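Student: Quick one: structure below, then a few questions.
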Amino acid sequence: MNLGDMPDLPDGLPEARSARPMAGGDVAAVWDVTLMDGRRVVVKTGGGDPDLEAEGLQALAAAGAPTPAVLAQSDRTLVLEYVDGPAAGWEELGRALASVHRASSDRFGWHRDNLIGSLPQANDATTNWPEFYLEYRLRPWLACLPGVLRGRLERAMARALPALLERDVVPSLVHGDLWSGNVVAGRWLIDPAVHYADRELDFAMLDLFGSIPASMQAGYDAIWPLDPGWQERRPALQIYHLLVHVRLFGSSYCGAVSARLDALGV
């Protein structure tokens, strides 16, 4: 491609020798770039504040997750280590995710608001998990739903969801947007929306658009098995990511929201 199409690299990096656009960036423009010193890097721009993504990757790495190293950043551009290679066993990723979830806090949320995809993600700290999930994950997106469906979700938020989610939950560090597209070569975690939450939130997202590999679940369970009743809670925890998809991609996801409410008997 014409290097003139690529954004300027942050200060401190060599110039680009070659660059090609990468597929798969839903909210950012992404390039596979070879620098003049021979290093291969990933350059991202247009997906929001690069500092938020860099912070999320570094938090996951500090907790034991394999992530691409953050090499440089500017106001609009993030440069990451290029990661690839033969696919690792999903069991290894399950163990790494358990390590991430062991990193905990005394509050749900994060020290500042960040992003889920290109959308704002509120992270006001609270010690009550149902309150955090309902007020800072679901309520901001109620207006995206058509009237009848919105009313059903509001009724669920008033009674069924608080009752279902009320239990002793450790505020665990979560990836926050964990689906197969954010796992490279079965190993590397990318594009996080980190915060402290019920660890089941990551599994709910990973199970939303395809089943969780059995070997990954086994690797996780060998370190820290999920609490009893996770099957009943999973549809409730999938509603957040479905609302995000309604907001980003349109009403075609409303049926999936309705199906989760059906599962809750609302």
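Student: Within the range 4-60, which residues are surrounded by fewer than 14 Cβ atoms within 10 Å (Cβ to Cβ), in contact with a helix residue (DSSP H, G or I) (Cβ under 9 Å, 6 or more places away or on another chain) and closer than 22 Å to residue 182 by Cα?
Tutor: 21, 24, 26 - these are the residues of the range 4-60 that are surrounded by fewer than 14 Cβ atoms within 10 Å (Cβ to Cβ), in contact with a helix residue (DSSP H, G or I) (Cβ under 9 Å, 6 or more places away or on another chain) and closer than 22 Å to residue 182 by Cα.
Student: Looking only at the range 22-29, decide whether some residue is closer than 29 Å to residue 221 by Cβ and of a type in the set (Val, Ile, Thr).
Tutor: Looking for residues that are closer than 29 Å to residue 221 by Cβ and of a type in the set (Val, Ile, Thr), one finds none in the range 22-29, hence no.
Student: May I pose another question? Kindly indicate whether any position in the range 203-214 is of a type in the set (S, T, N, Q) and either assigned to a helix (DSSP H, G or I) or closer than 28 Å to residue 128 by Cβ (or both).
Tutor: No - not one qualifying residue is present in the range 203-214.
Student: When the range 38-90 is examined, which residues are found to be in a loop (DSSP other than H, G, I, E, B), of a type in the set (D, E, K, R) and out of contact with any Ser or Thr (no Cβ under 6 Å at 6 or more places or on another chain)?
Tutor: 39, 49, 75, 84
Student: Of these, 247, 199, which one is at pLDDT 95 or above, in contact with a Cys (Cβ under 6 Å, 6 or more places away or on another chain) and under 24 Å from residue 121 (Cβ atoms)?
Tutor: Unique residue meeting the criteria: 247.
For (1) under 23 Å from residue 46 (Cβ atoms); (2) outside the structural domain of residue 227 (by TED's automatic domain parsing); (3) touching a Lys or Arg at 6+ places or on another chain (Cβ under 9 Å); (4) not aromatic (Phe, Trp, Tyr), each residue gets a yes or a no:
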| site | (1), (2), (3), (4) |
| --- | --- |
| 66 | no, yes, yes, yes |
| 74 | yes, yes, no, yes |
| 100 | no, no, yes, yes |
| 107 | no, no, no, yes |
| 111 | no, no, no, yes |
| 114 | yes, no, no, yes |
| 118 | yes, no, no, yes |
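Student: Still on this structure, I have one more. Give the range 236-255 a look and list any residue that's surrounded by fewer than 18 Cβ atoms within 10 Å (Cβ to Cβ), under 20 Å from the mean Cα position of the chain (by Cα) and part of a helix (DSSP H, G or I), or say none.
Tutor: Matches in the range 236-255: 248, 249.
Student: Answer with yes or no whether residue 233 is modelled with pLDDT of 95 or more and in contact with a Ser or Thr (Cβ under 9 Å, 6 or more places away or on another chain).
Tutor: no
Student: Against the condition modelled with pLDDT of 95 or more and touching a Pro at 6+ places or on another chain (Cβ under 9 Å), how does residue 5 come out, does it pass?
Tutor: No: the conditions fail for residue 5.
Student: What number of residues within the range 156-193 satisfy the criterion of being in a helix (DSSP H, G or I), in contact with a Pro (Cβ under 6 Å, 6 or more places away or on another chain) and surrounded by fewer than 19 Cβ atoms within 10 Å (Cβ to Cβ)?
Tutor: Total meeting the criteria: 1.
Student: Tell me which residues, restricted to the range 215-235, are assigned to a loop (DSSP other than H, G, I, E, B) and within 22 Å of residue 127 (Cβ to Cβ).
Tutor: Matches in the range 215-235: 224, 226, 227, 229.
Student: Would you call residue 143 of a type in the set (A, V, I, L, M, F, W, C) and touching a Gly at 6+ places or on another chain (Cβ under 8 Å)?
Tutor: No: the conditions fail for residue 143.
Student: Which pairs turn up if I take residues in the range 52-76 that are free of Cβ contacts under 8 Å to residues at least 40 places away in the same chain and look for partners that are buried (at least 16 other Cβ atoms within 10 Å of the Cβ) and of a type in the set (S, T, N, Q) with beta carbon separation below 9 Å, at least 6 apart in sequence or on another chain?
Tutor: Short answer, once both residue conditions are applied: 54/73; 58/67; 61/67; 64/99.
The values are calculated or read from the model by the stated rules, or taken from the named source; none is laboratory data. This one's a predicted model, so the numbers in the text were calculated from it and none came from an experiment. Glycine gets a Cβ as well: all are built from the backbone with ideal geometry, and neighbour counts include every protein chain shown.
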